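Below is one structure, written out as structure tokens, with a few remarks after it.
The values are calculated or read from the model by the stated rules, or taken from the named source; none is laboratory data. Values in this document were obtained by computation on a predicted structure and should not be read as measured data. All Cβ positions, even for glycine, are placed from backbone atoms using ideal geometry, and neighbour counts span all protein chains on display. Each accessible area value is taken on the protein alone, full model and side chains, heavy atoms only, with ligands, DNA and RNA left out. Shrake-Rupley method; radii C 1.70, N 1.55, O 1.52, S 1.80 Å.
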Amino acid sequence: MNASDQNNFFTCPEFLTMERTIIDEFVDCTRECCIEVDTCVKALNKQGGQEYIHRMFRSMHSLKGNCQMVGLAPLNALMHRVEEIFSRLRAHPEQYFPELGEFLLLATDEIEQLLTELISEGVGDEHRRARLALVCDNLQKSTVNGLKVEHFRAAIEALGGRATDKGDAQKNERVELPLPPDLALMQQWSSYIDNLSIFRKNRSTQTAQLTEALNQAVGQIVDPVQLQAAALMHDMGMAFIPHAIFNKEGHLSREEQRIIQEHVRIGHQMLQRFSGWDEAARMVLDHHESYDGTGYPNRLSGEQIHPGARILAIVDTFCSITTERSDRSYKKSLLSAISEINANIEVQFDPKLVNAFNDVVRGLMMKQN
């Protein structure tokens, strides 16, 4: 986007990078506020009492506060201008007339449409935002000595005409944020897990690369895309483990071990919620099973364990050994790590896969030379 284009649009990175659930909740609250304004204007046009002015003020003030809370500075500034005009009506409710209500509906319509545009496109129309700001500024000046119909008629015309009617159908509409492809979303989530600890930097990416290399070395015995998903998601359940346990140095109690072990079930369930990732889900569930049947969660052994999980178990252990940890001030060498894995053949790991992994690690060692 060049400098000229930037002048045509506004954005708000602080808001757009928030969690989807927060944005969805904000959109719902905004719609509810706008519908309440619509309801109050209709009641006032039918000689409704002063209570509707107070209800409308609460809704508009709530919308302004919500904009401020989520960091929507461009729309918060607009709501502040609209609210200042409305405060004059609160001070003189007897001066209400339909054109004033029509302006308030148009203003909230504009703000809602700018919000929808910002969420769906990542940018909003700066010309429309600036136009509403200018109309409000002009109204503030012209209404200093009282609210007059002609001033609000001019404001309505400047904003392009009548506001839309807000029915129950619109209340149920939602702004849908674009959802990235499954693997892109998994990659994003795995980076969040890696950032939970300084000792996990790029751990998920390394795991995915090594599982792919081992799978290729044994003739691609599992679907590579399913394996990639499992590699990215295998530790996703760790996000739900208390940090005091996740980062604990030293011995874990039996209860703490049980809590840690739940991460495989959580990751398995998350993948099952996606469509078409059943194989990856099974790999995640099985990746802490041991070849001799002493692992968890189901104490499977040998060929009962999904082959992708057997691959993942070797690579996960290798990455854990070669990564700095809070209880170890240095990284173990590749040779030390593979020696430790070889020592657990037929106990923790599939011997055929370990033999193949020896060749994979040998290739890594040669690249380092």
Under 6 Å by Cβ, and 6 or more places apart or on different chains, what pairs join a residue from the range 55-68 that is farther than 12 Å from Cys29 by Cβ with one that is of a type in the set (Lys, Arg)? Phe57/Arg90
Within the range 265-307, considering residues that are within 26 Å of Trp189 (Cα to Cα) and hydroxyl-bearing (Ser, Thr, Tyr), the one modelled with the lowest pLDDT: Ser275
Based on what the data block shows, is Arg81 free of Cβ contacts under 8 Å to residues at least 40 places away in the same chain, open to solvent by 20 Å² or more (accessible area, probe 1.4 Å), over 21 Å from Ile22 (Cα atoms) and basic (Lys, Arg)? no
Which count do you get for residues in the range 209-260 that are in contact with a Ser or Thr (Cβ under 8 Å, 6 or more places away or on another chain) and among the small types (Gly, Ala, Ser)? 2
If you take the residues of the range 22-67 that are of a type in the set (Ser, Thr, Tyr) and under 20 Å from Thr116 (Cα atoms), which of them is most open to solvent (accessible area, probe 1.4 Å)? Ser62
Give me the helices (runs of 4 or more DSSP H) completely within the range 1-76, filtered to those with at least 1 residues that are touching a Lys or Arg at 6+ places or on another chain (Cβ under 9 Å), ordered by residue number. 20-45, 51-69
Is it the case, given these coordinates, that Glu212 is touching a residue at least 12 places away in the same chain (Cβ under 8 Å), charged (D, E, K, R) and touching a Gly at 6+ places or on another chain (Cβ under 7 Å)? no
